[in-house]
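Notes for the one structure printed next.
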Amino acid sequence: MKNISFISFSPFTSDLELTAQLVDCYREVFADSPWNEWLKCPVCQEYWGLKDRSFLASIRFCHCGQSLVDFWSRTEVISDLYHEITPESSCWLALDNQTVVGFCWGYSILANILEDKLGITFCDNLNIPRDNLIAYQDEIGVLAPYRKRHIARAMFFKRQEDFFEQRLRFCIVRTRRSPEPSATFLWYTQKLGYEILAAYPEEDGRVILGLDLLKQPLAICSSL
Ligand SMILES: [Zn+2]
């Protein structure tokens with residue numbers, strides 16, 4: 001990880017240049033595979049990723065008679081940043097020299113409120129008391145040219161350490177199992193011992209994974 005450094009970030013206190021870069025980094029990560037959330041049709045909501053650039057040029061960036069729009073507008077992303085990266089949350093950025101190339105954040109939240117937010121019940125499978133604060137691992141992403149260099153893993157463990165300091169016992173993450181399991185799904189389940197607590201309807205493909213740190217203390221070991 002030559003030249004890569006990590007910095008704890010808050011939109012309320014950090015350099016605004018970092019905030020501006022994070023907005024762009026976030027949009028670029030999700031515009032790329034496997035998410036492909038770059039441009040969408042405002043009429044039928046179909047969407048495409050950066051890999052579809054030539055096709056989109058062939059249809060002149062129009063669909064259903066309308067110009068395509070950003071899947072994630074800057075306005076929406078920055079509003080999410082201020083909403084989700086509160087002073088109590090844990091957010092880490094990966095920098096290549098002064099450029100943001102990855103991000104990772106999460107926050108503590110009451111279990112019952114997280115169930116409402118995610119629109120699914122999951123507490124019963126891990127016997128999580130619904131009035132407990134739990135750790136929600138919200139977002140993690142690295143720009144394509146920087147992947148497979150353990151940058152996401154390094155940020156994950158920094159976030160995890162912040163959760164330990166807050167004495168949170170249960171960790172929750174939402175990821176994709178089908179049609180193809182995401183890299184994060186495989187990593188959480190195979191390397192860290194997370195179990196599937198709940199699944200969205202079949203065609204959705206997303207699942208809720210959870211870990212009880214009292215039962216899986218190895219998950220705190222960054223040498224995994
Ligand atoms: Zn359309």
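Each reported figure results from applying straightforward, stated rules to the coordinates on display, with no laboratory input. None of the values given here were measured: they were computed from a predicted structure. Glycine also receives a Cβ, built like all others from the backbone with ideal geometry; neighbour counts cover every protein chain displayed.
So ASP131 clears everything in (1) of a type in the set (Asp, Glu); (2) farther than 26 Å from LEU197 by Cα; (3) loosely packed, with under 12 Cβ neighbours inside 10 Å except one condition, right? Which one?
(2)
Just the residues that are more than 13 Å from the ligand (Cβ to nearest atom), outside any loop (DSSP other than H, G, I, E, B) and exposed (fewer than 15 other Cβ atoms within 10 Å of the Cβ), please, taken from region 51-76.
LYS51, ARG53, SER54, PHE55, ALA57, SER58, ARG74, THR75, GLU76 - these are the residues of region 51-76 that are more than 13 Å from the ligand (Cβ to nearest atom), outside any loop (DSSP other than H, G, I, E, B) and exposed (fewer than 15 other Cβ atoms within 10 Å of the Cβ).
Mind checking which helices (runs of 4 or more DSSP H) fall wholly inside region 89-208 and carry at least 2 residues that are aromatic (Phe, Trp, Tyr)?
In region 89-208, the matching helices (runs of 4 or more DSSP H) lie at 151-165.
Could you look through region 90-110, keep only residues that are in contact (Cβ under 8 Å) with a residue 60 or more places away in the chain and of a type in the set (Gly, Ala, Ser), and pick out the one that is farthest from ILE172 (Cα to Cα)?
Only one residue tops the list, namely ALA94.
Mind checking which residues of region 7-31 are within 16 Å of ILE151 (Cα to Cα) and surrounded by fewer than 20 Cβ atoms within 10 Å (Cβ to Cβ)?
ILE7, SER8
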